[in-house]
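**Q** Before anything else, here's the structure in question.
Any read-out appearing in this document is the output of simple, stated calculations on the displayed coordinates, not a laboratory observation. None of the values given here were measured: they were computed from a predicted structure. Neighbour counts are summed over all protein chains in view; Cβ atoms, including those assigned to glycine, are modelled from backbone coordinates with ideal geometry.
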Amino acid sequence: MPDITFITNDGKVVSAPQDSNLLRVSLREKGGIPFKCGGGLCGTCKCLIEEGRENTDAVKKKEEKLLSAEELEQGYRLACQTFLKGDVKVSWEEAPKGGTSARQVQPKAEA
Ligand code: FES
């Protein structure tokens with residue numbers, strides 16, 4: 001069974017059956033890869049296969065739309081479109097925490 005290392009998630013390692021979908025494994029095992037659509041449309045699940053690119057299946061048309069040729073060259077994939085034939089190590093950019101919803105609290109003058 002392929003071992004998947006989720007580098008960005010403190011290097012967590014899980015095993016998954018041959019030909020598993022990377023995003024599904026991440027969801028099932030709490031790997032932590034971000035996602036929204038699960039269908040190759042949003043690009044949220046963009047991740048970098050740092051090791052084991054030879055153990056992933058061919059790049060899909062949807063990935064060619066959402067990733068630049070340069071990114072594909074570097075080993076970026078969409079997790080929801082990637083199936084695993086062997087061990088891989090994957091990293092991704094973490095979404096900024098807090099983001100736009102940060103509250104601005106104005107100090108009130110005490111009476
Ligand atoms: S989750 Fe939207 S493209 Fe993969």
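**Q** Considering only residues that are over 11 Å from the mean Cα position of the chain (by Cα), assigned to a loop (DSSP other than H, G, I, E, B), away from the ligand (no atom under 13 Å from the Cβ) and not basic (K, R), which ones fall in segment 11-55?
**A** Listed by number, the residues that qualify are G11, A16, P17, Q18, D19, E29, G52.
**Q** Does segment 1-10 hold any residues that are assigned to a loop (DSSP other than H, G, I, E, B) and more than 11 Å from L84 (Cα to Cα), and which are they?
**A** Step one: of segment 1-10, the residues assigned to a loop (DSSP other than H, G, I, E, B) are 1-2, 7-10.
If the condition is that a residue be assigned to a loop (DSSP other than H, G, I, E, B) and more than 11 Å from L84 (Cα to Cα), then I7, T8, N9, D10 are the ones that fit.
**Q** Cβ-Cβ under 6 Å, sequence separation 6+ or interchain: first residue in segment 56-78 and under 15 Å from W92 (Cα atoms), partner part of a helix (DSSP H, G or I). Which pairs?
**A** Within 6 Å, the pairs are G75/R53; L78/E63.
**Q** Among (1) within 18 Å of T5 (Cβ to Cβ); (2) free of Cβ contacts under 8 Å to residues at least 24 places away in the same chain, there is one condition T44 misses while meeting the rest; what is its number?
**A** Result: T44 passes all but (1).
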